[in-house]
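In what follows, a single structure is set out as structure tokens and then discussed.
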Amino acid sequence: MDRSGDIAALSLPGLERLQSSAEWRQIERNFFDSGNAASVQAGLCDQIDAIAMEAYRASIEPVLPQGAVMLATGGYGRRETFPYAAVDILVLLEGESAWVSLREPLAECVRLLWDAGLRLNHTVRTLPECLEFREQNIDFSINLLDLRYLAGDAALHQRLAGKWPAFLEKHGSKLSQHLIQLTRVRHARYQNTLHHREPDVKESPGGLRDFHLVGFLSHLSMERAQPDYSQLAEASAFLASIRCFLHYQANSDRNALDIEAQEKLLVQPFTRAASNTEWMREYFERSWVVFNAARRALDSFEKTPSSLAGNLRDWRSRLSNSEFTVSREQLLLRNTAQLDSDPAVVLRLLEFIGRHGLRPAPETERRLEAAHGVFAAYCAQPRPLWGTIESILALPHAALAIRALQYTGLLTALFPEMTNITDLVQPASEDRYTADEKTLMALERATELRSTADPARQRFSQLSSELENRAMLAFALLFQNTGQGGTGGNPVEGSLALARQAMERIRVPAEEQRDIDFMIEHQLDLAEVMSGRDVDDPATSRHLAERVGTIEHLKLLTILTYSGLAALSPDAMTPWRLERLWRVYEVTRHELTRELETDRIQEVPGNLPGRPAFLKGFPVRYLRAHSAGDVEQHVRLYEESRPTGVAVQLDRIEGAYRLTVIARDMPALFASFSGAISSFGLDILKAEAFSNARGIILDTFVFADPQRTLELNPPESERLLDLIRRVALGKTDGQRLLRDRAQPDLKRRGAPPLVHFDSDACETATLVEIVAEDRPGLLYNLATVFSSTACNIDVVLIDTKGHRAIDVFYVAHDGQKLSPELQAALKEKLLAAC
């Protein structure tokens with residue numbers, strides 16, 4: 001019998017539309033007075049329960065008094081309903097036979113609920129279906145974790161509740177793994193960070209969905225360690241209050257805490273914050289509690305399914321040492337009490353993470369959090385920490401190590417200068433993230449360049465591999481935004497001041513301080529040219545070359561700019577931006593390379609120490625690339641060379657040696673020096689060769705000692721210096737020195753060598769650029785090719801990174817540029833030498 005008309009007529013007077021009811025308006029007024037989300041949820045649930053039960057009793061119950069029941073599920077089942085959130089309802093049937101009788105009453109019940117203003121998600125299942133595990137229906141099973149009786153056959157609900165524990169015992173681990181997988185995907189959608197400028201209080205990491213995840217996983221595996229629910233409950237209540245506010249403001253299920261909503265929240269009676277910055281910091285503080293609990297729950301519950309991964313874990317466990325244990329791909333402290341007595345163990349832990357790419361276990365993170373005060377006091381005192389920090393920042397997983405500090409709240413303990421940008425939202429900015437998050441993302445983008453497989457980024461990856469000191473770049477990235485947290489003034493100047501303060505405290509050497517200062521001070525140079533100037537205008541390249549100064553600085557600034565732009569958002573580094581930045585790099589590099597020969601020191605600056613008149617005629621690059629201390633040392637060597645015609649100095653620098661020679665120029669001298677150094681089995685990494693207006697040369701070689709010849713045999717250092725002196729005076733033939741050396745293995749080949757000539761670079765010489773696989777004696781062989789064809793080498797700039805050598809020579813023949821015929825002959829010989 002069709003009773004739908006009677007049902008509708010009887011039920012309409014009782015089902016007043018929820019949003020226009022007096023109860024709804026009172027609940028809303030109470031919320032804006034107190035900000036209490038719990039009272040909203042309780043009041044709304046009571047109202048929705050009454051509507052749902054009335055609709056059920058008016059539509060379904062008369063047709064199916066037994067064998068059917070209405071249940072609340074999901075957030076509604078937990079009594080955590082938000083003003084405009086969907087209401088999840090399950091109609092449970094005893095069996096399939098009830099379906100025929102249910103169709104029309106169910107349709108009427110659903111219509112009544114929609115007409116009453118409910119955003120309804122409803123489903124109908126039989127008891128056997130609820131107790132049957134299906135992969136394609138796993139989300140429904142998760143929704144059943146929160147069930148609450150509303151109306152209908154209570155005995156049927158009890159039968160489901162009685163059988164549900166056995167279902168969870170059998171299939172709980174599958175539900176857990178599915179929840180974990182869903183969460184990983186959701187976190188990745190938000191770049192695994194809660195620090196969004198406009199976060200989603202429900203979906204973002206650290207949002208309400210993460211809070212529920214912790215509860216679900218705890219419910220599914222009670223034997224595991226449980227989180228601190230007192231802190232979590234407080235944080236979730238705070239987030240729930242914000243979500244209620246957002247719903248009321250938008251009159252819809254809107255959960256994005258955008259800038260407009262942030263400003264409106266600030267003026268609410270229940271808000272205590274005095275500024276938007278203070279308010280958002282409170283938000284992120286609560287969100288951190290939830291995010292860390294969710295991360296640690298994921299790490300504790302997640303399983304590695306394959307035996308291959310198990311074998312990897314077994315192999316990784318062998319990395320354990322006296323301080324740290326590796327277990328299930330996680331890092332544990334052997335002696336937790338050591339943190340109180342030896343705070344430096346935190347830095348050693350970071351070095352372990354940076355080297356091996358392992359994350360601290362949840363328990364390790366909690367121990368680190370507890371050690372905040374001790375570690376902060378340790379770092380606050382001026383002490384020589386740069387050596388350790390430098391080694392951490394240079395490691396392959398440096399960004400992961402810094403993230404570990406952020407997750408445990410120790411980043412500002414190590415660098416208190418970063419406190420002002422912690423959780424900082426800049427309303428007027430177009431950044432997608434907070435200032436501190438953008439900083440860490442920039443470090444991650446720089447680190448990722450080392451191993452990127454993206455063809456569009458390969459050029460930048462290669463450039464990154466050529467950097468001399470990645471730790472300086474990483475430090476500059478960490479501090480380039482710190483000035484944004486200031487109360488006024490120029491943010492770049494503020495960043496520079498804070499970086500200098502930190503560098504003084506951790507005792508960064510003066511030379512490295514200068515390079516870090518440079519990167520922070522000039523961080524916007526390339527980006528401004530990209531966005532506002534004609535890159536192909538010669539005036540642009542000259543302007544940039546003037547600002548940048550040296551090719552080494554240009555490489556650092558290019559990767560710094562790439563990393564900063566890539567950190568703006570996941571899609572910020574478009575193909576256009578990539579190409580534009582590379583073009584800026586190329587035109588500036590070409591200008592700086594051209595300057596090696598064309599821009600000469602005509603007037604020696606009067607502020608240099610000593611009597612540096614011999615610098616007249618050197619390339620301008622000399623002044624840009626050398627400190628006042630370097631100039632003073634070179635002046636002393638020049639004075640020392642005057643009686644004999646030569647002076648030599650050997651210095652031990654980080655991981656290498658530097659040989660400086662001042663002598664009178666003669667044919668093939670640079671090639672002979674190269675041969676002498678290589679004859680000792682030393683690998684030349686960098687070289688510079690300058691000559692002044694009076695025929696005095698200043699050659700500098702940086703080389704590695706792979707066999708530790710000089711270290712293990714101190715007299716060999718003096719023998720090397722004596723050999724260089726004899727070569728400089730023409731008493732020893734450099735070519736003879738390499739005659740008995742083992743020849744390189746020509747079977748091992750990498751990328752083919754490249755030789756490029758540019759006769760437009762300057763008026764008096766031809767620029768020759770060679771890029772080739774490095775090998776012992778390569779520099780000597782290349783220099784010999786030039787000298788054997790009566791070519792004079794005026795300026796040399798050599799750089800070797802890994803297996804790649806980049807050599808720039810300025811060469812003339814009979815005082816003129818190289819003719820096309822001579823270029824062709826030289827190219828053939830140079831390629832053969834490579």
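What to note about this one:
- C-alpha long axis of helix 345-356 to longest principal axis of the chain, angle in °: 80
- Taking a Cβ cut-off of under 11 Å around Ala572, the surrounding Lys, Arg, Asp and Glu residues balance to a net charge of +1, with basic ones at +1 and acidic ones at -1.
- Sparse-neighbour loop sites [GluC sites (Glu not before Pro); region 617-694; at most 10 other C-beta within 10 Å; DSSP]: Glu654
- Separation between Cα centres of region 470-517 and region 613-656, rounded to whole Å: 29
- For region 495-511, Karplus couplings with θ = phi - 60° (6.51, -1.76, 1.60), whole Hz, Gly/Pro x: 4, 5, 5, 5, 5, 5, 4, 5, 5, 5, 5, 9, 6, 6, x, 4, 5
- Length added when fully stretched, Ser34-Arg652, from 0.36 nm per residue minus Cα-Cα: 215.7 nm
- Placed amide H near Leu120: partners under 5 Å, 5+ positions off or other chain: Val87
- Loop-located GluC sites (Glu not before Pro) across region 193-275 with a Cβ neighbour count of 13 or fewer within 10 Å are Glu223, with loop assigned by DSSP.
- Fraction in percent of alpha-carbon pairs per bin - 10 Å, region 62-209: 10, 34, 34, 17, 5, 0
- Proximal aspartates and glutamates to Lys174, defined as alpha-carbon separation beneath 12 angstrom and excluding residues fewer than eight positions away on the same chain: Glu135, Asp139, Glu302
- Exceeding the 25 Å Cα-Cα cut-off - candidates Lys686/Lys827; Lys731/Lys817; Lys616/Lys686: Lys731/Lys817
- Rolling a 1.4 Å probe over the protein heavy atoms of the chain, with every protein chain left in place, gives an accessible area that is 50 percent carbon and sulfur.
- Note on Glu466/Glu278: beta-carbon distance plugged into 1/(1 + (r/R0)^6) with R0 of 51 Å gives a FRET efficiency of 0.70.
- In plain terms, the chain is cut at each of the chymotrypsin sites (Phe, Trp or Tyr not before Pro) found in a DSSP loop with at most 15 other Cβ atoms within 10 Å, and the longest leftover piece is 271-834.
- Taken per residue, the accessible surface of the chain reaches 44 Å², heavy atoms only and a 1.4 Å probe.
- Region 760-834: GluC sites (Glu not before Pro) in DSSP loop, at most 11 other beta carbons within 10 Å: Glu763
- From helices alone, the chain scores -16500 deg cm²/dmol at 222 nm; the rule is -39500 (n - 2.57) for each run of n ≥ 4 DSSP H residues, then divide by the residue total.
- The 3J(HN,Hα) values that the Karplus relation (6.51, -1.76, 1.60; θ = phi - 60°) gives for region 205-221 are, in residue order, x, x, x, 5, 5, 5, 4, 5, 4, 4, x, 4, 5, 5, 5, 7, 8 Hz. Gly and Pro appear as x.
- The alpha carbons of region 659-708 give a radius of gyration and a Dmax of 11.6, 39 Å, in that order.
- Phi-based couplings in Hz for region 162-170 (Karplus 6.51, -1.76, 1.60; Gly and Pro marked x): x, 8, 5, x, 5, 4, 5, 4, 7
- Residues whose amide H comes within less than 5 Å of that of Leu331, counting only those at least five positions distant or on another chain, are Arg359, Ala361 (H built at 1.01 Å from N in the peptide plane).
- Cβ-based net charge around Ala371, under 12 Å, with every Lys or Arg adding one and every Asp or Glu removing one: -2
- The length gained on full extension between Thr419 and Ala380, counted as 0.36 nm times the residue separation minus their Cα-Cα distance, comes to 12.7 nm.
- Site pair Leu266 and Asp733 shows an inter-label distance of 8.1 nm when each label is modelled 7 Å from Cα along Cα→Cβ.
- Each Lys and Arg adds +1 at its Cβ and each Asp and Glu adds -1 at its Cβ; summed about the Cα centre, region 22-87 shows a dipole of about 80 debye.
- Partners of Lys202 within straight-line reach, counting aspartates and glutamates whose Cα lies under 15 Å from its Cα and excluding those fewer than 8 residues away in the same chain: Glu80, Asp210, Asp253, Asp258.
The values are calculated or read from the model by the stated rules, or taken from the named source; none is laboratory data. If you're wondering where the values come from, they're calculated on a predicted model, not measured in any experiment. As a convention, Cβ positions derive from the backbone with ideal geometry for all residues, glycine included, and neighbour counts pool all protein chains shown. Ligands, DNA and RNA are excluded from the accessible area calculation, which covers all protein heavy atoms including side chains. Shrake-Rupley method; radii C 1.70, N 1.55, O 1.52, S 1.80 Å.
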